[in-house]
Amino acid sequence: MTDLLLELGRNSAARGTIRMLGLPLPLPQSLQRASGPDPALPLADLRAVVVGVDVGGGGGLGELAAAAARSAGCTVEREAATGAATASVGAHGTPLHALLVDAGEVSSVADLRVLYDALHGRIAALNRCGRVIVLGRPPAGSREPARAAARAGLEGFVRALGKEIGRRGATANLLRIEDDAETRLAGPLCFLLSRRSAFVSGQALHIGHLARAEATQLQERPLQGQTALVTGAARGIGEAIARRLAEEGARVLLVDLPSSAAELSAVAAAVGGEALHCDLAAEGGVEALMADLQGRGQRVHILVHNAGITRDRTLAKMSPAHWDLCLAVNLQAAVRGTELALSTGVLRPSGRVLCLSSIGGIGGNPGQTNYATAKRALMGYVEALSHRLGREGGAAMAIAPGFIETQMTAAMPPLLRQAGRRLNSLGQGGLPEDVADAVAFLATPSAIGLAGQTLRVCGQHLAGA
Ligand code: NAI
């Protein structure tokens with residue numbers, strides 16, 4: 001569905017006219033996105049400045065981040081937090097894409113000043129669609145109340161900053177790195193720096209060691225040799241996920257309703273995958289699917305539970321059938337599907353399970369008690385599942401999209417649709433490709449430090465923000 005304001009914003013003449021007439025129309029910034037498979041050096045055309053207290057010191061988070069970004073091709077300069085304003089254009093005319101703040105040593109209220117010192121004089125130099133990434137330590141790891149408070153403050157900072165810079169298409173996120181999980185920083189950092197995270201803002205991600213697998217270096221076609229099963233793959237987000245996983249080298253098994261057979265087969269043909277027709281909510285549907293895969297000796301390394309439906313009604317008016325169907329498709333199919341995949345050996349415990357949750361499961365929307373229950377449950381599920389799979393090197397993560405332009409949201413009443421689209425820091429809806437980019441990243445070995453977590457792809461939507 002076309003977003004008129006975004007289209008107007010892309011047209012410089014229309015932008016100029018609206019500005020000249022002083023019309024109160026907030027034109028969202030068109031986001032810069034990546035397409036095609038990731039090259040060997042995905043950050044090759046980007047420039048970042050790392051600022052922080054440990055400049056010149058060894059082993060700090062800033063230094064690790066600089067090394068990780070450089071190894072992905074990024075041009076990285078390092079500056080002291082209290083230094084002069086950063087140049088908006090680098091030596092070779094490269095605009096400033098990212099500001100990384102090393103707040104790893106923050107342990108008191110006074111230390112929080114590093115945030116102000118690092119960004120006050122530099123934020124104006126950040127290019128459109130740029131990135132601010134704050135690197136810190138988790139508050140929970142500290143028994144010192146003042147230290148925990150200071151570390152917790154980092155999250156408030158990025159959430160507020162994300163709302164300030166979002167109208168320029170820029171994002172702000174926090175990476176909290178547990179002690180001894182530093183080797184797992186590169187994957188999440190490079191994802192957030194890249195144009196694959198255009199619709200991720202205001203998030204605090206925790207990098208830990210819930211899963212035991214070794215973190216690996218970024219690599220080209222990281223999913224080569226792996227098989228991924230994606231449910232609800234006939235259209236929308238599921239289709240985008242299937243295309244993206246195939247792009248990064250995975251063989252894809254695509255599942256959808258028998259009534260979507262034609263669309264599913266077309267997508268399967270486009271990605272060189274296999275179409276499997278199954279109603280995941282029907283009695284015995286999931287069982288039959290897994291039995292078929294087991295019978296054919298088909299192994300799956302990545303399980304993506306994407307199929308979802310809404311059956312919106314206020315609780316007092318909701319029929320039991322709508323409650324049941326919503327929970328069956330969004331939640332039970334994922335839980336039962338994973339359990340069966342593991343017990344039949346279709347999925348090894350070292351595999352990756354990715355569940356499509358929703359910000360509706362975080363903030364809750366009126367008329368969606370069924371949907372919010374299911375989507376929140378998935379967040380709890382991936383955390384508990386990661387405890388179980390983590391011992392064998394496996395991991396589960398959830399992805400919580402905000403307003404994404406698909407048939408699901410096109411079916412919303414027009415006013416609600418407009419509000420849903422605008423109520424985030426970037427002032428626009430996301431694309432299915434934004435969610436697919438996040439899923440493809442979480443499927444890679446380099447995302448292992450995020451085991452058990454929920455990644456929001458919502459442009460910092462106000463629901464639960
Ligand atoms: P969509 O409605 O465009 O596609 C959903 C797909 O799931 C369809 O192809 C449908 O046939 C399939 N499906 C539904 N019931 C099924 C069943 N019983 N068995 C097999 N397949 C079934 O939805 P969209 O927008 O692509 O959403 C994908 C996922 O992302 C869903 O889980 C949804 O809840 C979630 N999500 C979407 C958001 C959005 O803004 N579009 C926001 C937040 C979450």
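The values are calculated or read from the model by the stated rules, or taken from the named source; none is laboratory data. Not measured: the values here are computed from a predicted model. FYI the Cβ positions are ideal-geometry reconstructions off the backbone, even for glycines, and counts take in every protein chain you see.
List of remarks:
- The numbered conditions (1) within 16 Å of the ligand (Cβ to nearest atom); (2) surrounded by fewer than 19 Cβ atoms within 10 Å (Cβ to Cβ); (3) under 25 Å from Ala384 (Cα atoms) are all true for His209 except (1).
- Arg244 vs. criteria of a type in the set (D, E, K, R), under 29 Å from Arg47 (Cα atoms) and crowded, with 19+ Cβ neighbours inside 10 Å: yes
- Taken over segment 368-423, the criterion of being more than 30 Å from Ser343 (Cβ to Cβ), of a type in the set (D, E, K, R) and within 9 Å of the ligand (Cβ to nearest atom) is satisfied by Glu405 alone.
- Of residues in segment 81-96 being touching a strand residue (DSSP E or B) at 6+ places or on another chain (Cβ under 7 Å) and not polar (S, T, N, Q), the one surrounded by the fewest Cβ atoms within 10 Å (Cβ to Cβ): Val89
- Residue selection: Gly449 satisfies the criterion of being assigned to a helix (DSSP H, G or I), farther than 23 Å from Gly337 by Cβ and away from the ligand (no atom under 14 Å from the Cβ).
- Filter result (hydroxyl-bearing (Ser, Thr, Tyr) and either more than 26 Å from Gln298 (Cα to Cα) or part of a loop (DSSP other than H, G, I, E, B) (or both)) within segment 198-239: Ser201, Thr216
- Checked against (1) near the ligand (Cβ under 10 Å from one of its atoms); (2) more than 17 Å from Ile237 (Cβ to Cβ); (3) within 23 Å of the chain's Cα centre (by Cα), His277 passes all but a single condition, namely (3).
- Residue in segment 341-359 that is part of a helix (DSSP H, G or I) and within 15 Å of the ligand (Cβ to nearest atom) present: no
- Scan segment 246-278 for residues that are within 19 Å of Val439 (Cα to Cα) and touching a helix residue (DSSP H, G or I) at 6+ places or on another chain (Cβ under 6 Å) and the total you get is 7.
Condition check ((1) over 30 Å from Arg212 (Cα atoms); (2) within 19 Å of the chain's Cα centre (by Cα); (3) among the aliphatic types (A, V, I, L, M); (4) modelled with pLDDT under 95) across all residues:
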site: Leu356; (1), (2), (3), (4): no, yes, yes, no
site: Gly360; (1), (2), (3), (4): yes, yes, no, no
site: Thr369; (1), (2), (3), (4): yes, no, no, no
site: Gly380; (1), (2), (3), (4): no, yes, no, no
site: Gln418; (1), (2), (3), (4): yes, no, no, yes
site: Arg421; (1), (2), (3), (4): yes, yes, no, yes
site: Gly429; (1), (2), (3), (4): yes, yes, no, no
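- Among the residues here, Ala44 does not qualify as closer than 29 Å to Glu247 by Cα, surrounded by 13 or more Cβ atoms within 10 Å (Cβ to Cβ), modelled with pLDDT of 95 or more and not charged (D, E, K, R).
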